[in-house]
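See below for the structure under consideration.
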Amino acid sequence: MKNICSVIIGLVLIVVINGCHNNNTLTNKDVSKVICQMSAVMLHDVTNPPLAARFFAYTCLSGYEVVTENDKQVKSMQGKLNQYPIINKPKQISGYNYQLSAILAMYKTAEKLQPSGSTLMAKNEQDFIDSCKNIGFDEETIDSSQSYAAFISKKILAYANTDKYNRISNYRRYTPTGTPGSWDPTAPSYMLPVEPYFNTIRPLTLDSAAQFVPDAPIPFSTDKHSAFYKYLLLSYTKSGNGLTQEEKNIANFWDCNPFAVQNDGHMLVGLKKISPGAHWMGITNIACEKAKADFVKTIQVNTVEAIGLLDCFICCWEDKYRTNRIRPETAIREYIDPNWKPLLQTPPFPEYISGHSVVSATSAVILTHYFGDKFAYTDNVEHDFGIPPRKFSSFQQAAQEAAISRFWGGIHFMDAINNGLHQGNKVGYWVLEKISKPGK
């Protein structure tokens, strides 16, 4: 992840060691570094996309909570997020640097949430502390900042523990129904479905997982005159041999499949990539760097973006397992061509609706709110995977491209993409409305 971290953080000839600065003031680079390191740990752990969004959300909330208690311009999430607790800093905690505490709170939360956090993220935290000592933070300030960070992290982790995610492991194992038109595992790994009960956890801003139910998918049919069969033929002809090189490039750019595997003789070899949410968190910090956002704004934007990611994944996963629709690969092989393969590897969960379409639309709404509708940037988040950077004139353009990439990749039908964009837009605006409510 060395290249991704250096690209996102933008460490360019600065007189700084590993994230702290000689005036004891932290910047957007320090926030983005934690996010980048979290993404690296997610690659190591092969974290699934919905769960990655959960990790980002609570980690960012830890840093945000510290900021709200020390900057009167930043309002608390209490009364805005579902069941968010009132957190009052103990009076005995003093002598801290609140920016340092915010970063440390993020580290401590990520350490507890991520499977490899106790080793990998803990090492990153210690490196960060060592660098702060090297550039002038005194021991007393660091110790006080750590105590404050530990207090906040403990409160946010307690909040996270009430979202019911810990109950999912007790639910009955999900079994494909085997009915015509329903989802089945796909080659080459035939993996079990990812997070079939993710819709049962508590959203952060939504009233429920089913708040923004999209239009129903085109009904499954093997009738060659049906709307579904026309969709099937469209995917077969276009996503098979009808793609231009640019369309292939776009599909590969937005692949973001943490579960991809390939055959190597008698073995299956895993191909690790970042999730859609991690990609958009990377874009968030590219935008913060280009806009020269200060520390506080960077914490704010990352937190709202992460909240949006979690809520839109909850919405999307509600629809995936409710509709339980067959993937193009399965349908085409069964009803048209048994040897057909999509350009991208089909992810291990039902087709409708398109997750990347939902996630990208929500992210574009939120980032446009903070940076404007004509914010041009270069996305080089995928550099580590041998994928060249792409330039975008706006976040909305990027969202539209990410969405259509799923059709070109052969893993989604067009109604899943179009309705996914609609749902994602609704979630994005809802999140912004809830966050902008008057707070304490």
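Worth pointing out:
- Among the conditions (1) among the hydrophobic types (A, V, I, L, M, F, W, C); (2) under 21 Å from the mean Cα position of the chain (by Cα); (3) in the same structural domain as Leu81 (by TED's automatic domain parsing), the only one that Ala209 does not satisfy is (3).
- Restricting Ser101, Ser116 to those that are of a type outside the set (Phe, Trp, Tyr), under 14 Å from Ile152 (Cβ atoms) and in contact (Cβ under 8 Å) with a residue 24 or more places away in the chain reduces the list to Ser101.
- Residue count for the range 193-210, restricted to those that are part of a loop (DSSP other than H, G, I, E, B) and within 17 Å of Gly355 (Cβ to Cβ): 10
- Flag for Ser94 being hydroxyl-bearing (Ser, Thr, Tyr), out of contact with any Ser or Thr (no Cβ under 6 Å at 6 or more places or on another chain) and surrounded by fewer than 16 Cβ atoms within 10 Å (Cβ to Cβ): yes
- Residue match in the range 289-300 (condition: within 30 Å of Pro219 (Cβ to Cβ) and either in contact with a Pro (Cβ under 6 Å, 6 or more places away or on another chain) or not in a loop (DSSP other than H, G, I, E, B) (or both)): no
- Search result, residues across the range 407-440 that are of a type in the set (Val, Ile, Thr) and either under 19 Å from Asp311 (Cβ atoms) or in a helix (DSSP H, G or I) (or both): Ile417, Val427, Val431, Ile435
- Among the residues making up the range 360-392, those that are among the small types (Gly, Ala, Ser) and modelled with pLDDT of 95 or more are Ser360, Ala361, Ser363, Ala364, Gly372, Ala376.
- For Tyr370, the conditions (1) surrounded by fewer than 17 Cβ atoms within 10 Å (Cβ to Cβ); (2) within 18 Å of Thr303 (Cα to Cα) all hold with the exception of (1).
- Filtered by the rule that a residue be over 20 Å from Thr47 (Cα atoms), surrounded by 19 or more Cβ atoms within 10 Å (Cβ to Cβ), out of contact with any Lys or Arg (no Cβ under 6 Å at 6 or more places or on another chain) and hydrophobic (A, V, I, L, M, F, W, C), the range 184-219 gives Leu204, Leu206, Ala209, Ile218.
- Checked against the criterion of being aromatic (Phe, Trp, Tyr), assigned by TED's automatic domain parsing to the domain that holds Lys320, outside any loop (DSSP other than H, G, I, E, B) and under 28 Å from the mean Cα position of the chain (by Cα), the range 235-253 has at least one qualifying residue.
- All of Ile404, Ile353 fail the test of being part of a loop (DSSP other than H, G, I, E, B) and of a type in the set (A, V, I, L, M), apart from Ile353.
- Single residue of the range 306-326 satisfying the filter (of a type in the set (D, E, K, R) and in contact with a Phe, Trp or Tyr (Cβ under 7 Å, 6 or more places away or on another chain)) that is farthest from Asn419 (Cα to Cα): Arg325
- Candidates Pro217, Pro203, Pro180, filtered to the one that is at pLDDT 95 or above and in contact with a strand residue (DSSP E or B) (Cβ under 6 Å, 6 or more places away or on another chain): Pro217
- Close pairs from the range 305-328: first in a helix (DSSP H, G or I), partner charged (D, E, K, R) and surrounded by fewer than 24 Cβ atoms within 10 Å (Cβ to Cβ), Cβ under 7 Å, at least 6 apart: Trp317/Glu195
- Against the numbered list (1) surrounded by fewer than 21 Cβ atoms within 10 Å (Cβ to Cβ); (2) modelled with pLDDT of 60 or more, Val31 comes up short only at (1).
- Residue count for the range 250-271 under the criterion of being surrounded by fewer than 16 Cβ atoms within 10 Å (Cβ to Cβ) and either at pLDDT 60 or above or polar (S, T, N, Q) (or both): the result is 3.
- Taking residues in the range 356-375 that are in contact (Cβ under 8 Å) with a residue 24 or more places away in the chain and closer than 13 Å to Ala306 by Cβ, and partners anywhere that are in a helix (DSSP H, G or I) and of a type in the set (Ser, Thr, Tyr), the pairs with Cβ atoms closer than 8 Å and at least 6 places apart or on different chains are Ser363/Thr284; Leu367/Thr284.
- Val365 surrounded by fewer than 24 Cβ atoms within 10 Å (Cβ to Cβ), in a helix (DSSP H, G or I) and out of contact with any His (no Cβ under 7 Å at 6 or more places or on another chain): yes
- Close pairs from the range 232-258: first touching a residue at least 60 places away in the same chain (Cβ under 8 Å), partner of a type in the set (Ser, Thr, Tyr) and buried (at least 22 other Cβ atoms within 10 Å of the Cβ), Cβ under 6 Å, at least 6 apart: Ile250/Ser405; Ala251/Ser405; Trp254/Ser405; Cys256/Ser275; Pro258/Ser275
- Taking the conditions (1) touching a Leu at 6+ places or on another chain (Cβ under 9 Å); (2) closer than 18 Å to Gly420 by Cα in turn, Tyr174 satisfies each one other than (2).
- Condition broken by Glu329, with the remaining ones in (1) crowded, with 17+ Cβ neighbours inside 10 Å; (2) within 21 Å of the chain's Cα centre (by Cα); (3) under 21 Å from Ile250 (Cα atoms) satisfied: (2)
The values are calculated or read from the model by the stated rules, or taken from the named source; none is laboratory data. Just so we're clear, the structure is a prediction, and the values are computed from it rather than from any experiment. As a convention, Cβ positions derive from the backbone with ideal geometry for all residues, glycine included, and neighbour counts pool all protein chains shown.
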